[in-house]
Amino acid sequence: MKKNSEQSAALRFAMKLFILLIPFIALLAVYFLNDPFMVLKRYERYDKSPVLLNEGYAGWQMYMNNRDSITFDSFIMGNSCTMAYQCHEWEKYLDGGRAVRLFGNDESLAAICRKLQALDENGAEIKNLLLILDKESLSKDQIQNSYNYVLPPAVSGMSNFSFQEKFCQAFFFPGFLFPYLDYKMFHQYRPYMKGVINPYDAIKDPVTNDAINPREKMIQDEGEQYWETHKKEFQKTSDSNYRNGKYREDAQVLWKAQTALLQKIECICQLHKTSVKVIISPNYNQININPADIEILKNIFKEKNVFDFSGVNEYTNDIHNYYEKGHYRPILGAQLLQKVYGGQ
């Protein structure tokens, strides 16, 4: 009698536990069936997802998809400001090179170095390298491991299980899960989905990974009104000296760890006889990169290959060169490429 009672209690507990787990099991099924981060299997294209993907992973997968049919030998690397440099524009200055953009949002020097090492290990020819850097990217000497920044296992050396675990865990975070489920059910973008859902159509070229920024269409349609409509995105009221037209410089960020990473990058380039160009982005805040950092870059990559466009200059003075204070347009990227290669 007692044994039957214990079995009945255990069965009731198991049923309650199962009922409690039903939502989790259902969500897990949604994750594996929909693969929101596009990491569970190989895809031919990564340019039409409603979810904002891990750009470092997506770019690498696009490169791997196309490298057998297109002999990529020229690489644009750096953070999201690489959007200003279109591969077809850069190829005008290359001797028959084919370019692809392998960037990462909030990219670090460590991630750039690891990608170059992976290219070398995969037998890629690295004929040309365009590095788009700024104070933030120069300062980072560690690879970021959150789901939206983690590098693919083929690049990082991380186990596939650990890699997949990060994305599965991220799916269940309310900050991702609620916007994602809302969009999946109603197919309508809402402001609170920012950073999770892409409010536009394709935002990258499926072969070169060039950025397709929808703001270009806005500027085309609105003209001068665009900068009036978006003026709040250019303001920084917390800094009384913001864009005051005077010389200001950032603190030095290149120390032993960062310098060692830059030297590793240069060693790989030496091995491949790579033509390297380093561009320091023309930041809208008009603060100069520290001269000591520029000196280190020039010592490593040679003075003729380092171009500092930070600070107060003709490029940063013109608001029409920018989408908002954090990103500049291909119209400016084309000018800078002409400046970099024009004297050769």
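Taking the Cα atoms only, what angle lies between the long axis of helix 291-301 and the longest principal axis of the chain, rounded to 10 degrees?
Here the helix axis deviates by roughly 90 degrees.
Specify the angular offset, from 0 to 90 degrees and rounded to the nearest 10, of the alpha carbon long axis of helix 330-341 from the longest principal axis of the alpha carbons in the chain.
50
Kindly express, to the nearest 10 degrees and within the range 0 to 90, the angle between helix 174-186's C-alpha long axis and the longest C-alpha principal axis of the chain.
Compared with the principal axis, the helix lies near 80 degrees.
Where does the Debye-calculated log10 I(q)/I(0) of the chain sit at q = 0.13, 0.15 Å⁻¹, using only Cα point scatterers of equal weight, no solvent?
-1.08, -1.39
Between the DSSP loop rule and a limit of at most 16 other Cβ atoms within 10 Å, which GluC sites (Glu not before Pro) in the stretch 110-155 are left?
Glu125
How large is the direction-averaged shadow of the alpha-carbon convex hull of the stretch 23-174, in nm²?
So the mean shadow area of the Cα hull is 9.9 nm².
Averaging sequence separations of C-alpha pairs under 8 Å and six or more residues apart, then dividing by the length of the chain, give the relative contact order as a whole percent.
Contact order relative to length: 20 percent.
Taking the solvent-accessible surface of protein heavy atoms with a 1.4 Å probe, what is the per residue accessible area of the stretch 11-154 in Å²?
Spelled out: the 1.4 Å probe surface of the stretch 11-154, per residue, equals 45 Å².
Could you sort His88, His272 by accessible area so the largest value comes first, with the probe set to 1.4 Å?
The ordering from most to least exposed comes out as His88, His272.
So what J values fall out for the stretch 317-328 if you push phi through Karplus, 6.51 cos²θ - 1.76 cosθ + 1.60 with θ = phi - 60°, rounded to Hz, Gly and Pro as x?
Ordered by residue, 3J(HN,Hα) equals 6, 9, 5, 5, 7, 10, 7, 7, 5, x, 9, 10 Hz.
Fully extended, how many nm does the chain gain between Lys231 and Asp95 (0.36 nm per residue separation, minus their Cα-Cα distance)?
44.9 nm
Express the carbon and sulfur contribution to the solvent-accessible surface of the chain as a percent, rounded to the nearest whole number, probe 1.4 angstrom.
54
Give me the distance between the Cα centres of the stretch 38-69 and the stretch 120-148, rounded to whole Å.
17
Would you work out the relative contact order for the stretch 54-127, in percent, from Cα pairs under 8 angstrom that are 6 or more residues apart?
The normalised contact order for the stretch 54-127 reaches 39 percent.
Output the pairs from Lys246/Lys304; Lys127/Lys166; Lys204/Lys231; Lys140/Lys232; Lys277/Lys339; Lys41/Lys115 with a Cα-Cα distance over 23 Å in this structure; if there are none, say none.
Lys246/Lys304; Lys127/Lys166; Lys204/Lys231; Lys140/Lys232
Express in whole angstrom the spacing between the alpha-carbon centres of the stretch 243-276 and the stretch 170-206.
If you average the Cα positions of each part, the centres end up 35 Å apart.
The values are calculated or read from the model by the stated rules, or taken from the named source; none is laboratory data. Quantities reported herein were computed from a predicted structural model and do not represent experimental measurements. Counting neighbours? That spans all protein chains shown, and the Cβs are built from the backbone with ideal geometry, glycine included. The area values use the complete protein model at the heavy-atom level, side chains included, leaving out ligands, DNA and RNA. Shrake-Rupley method; radii C 1.70, N 1.55, O 1.52, S 1.80 Å.
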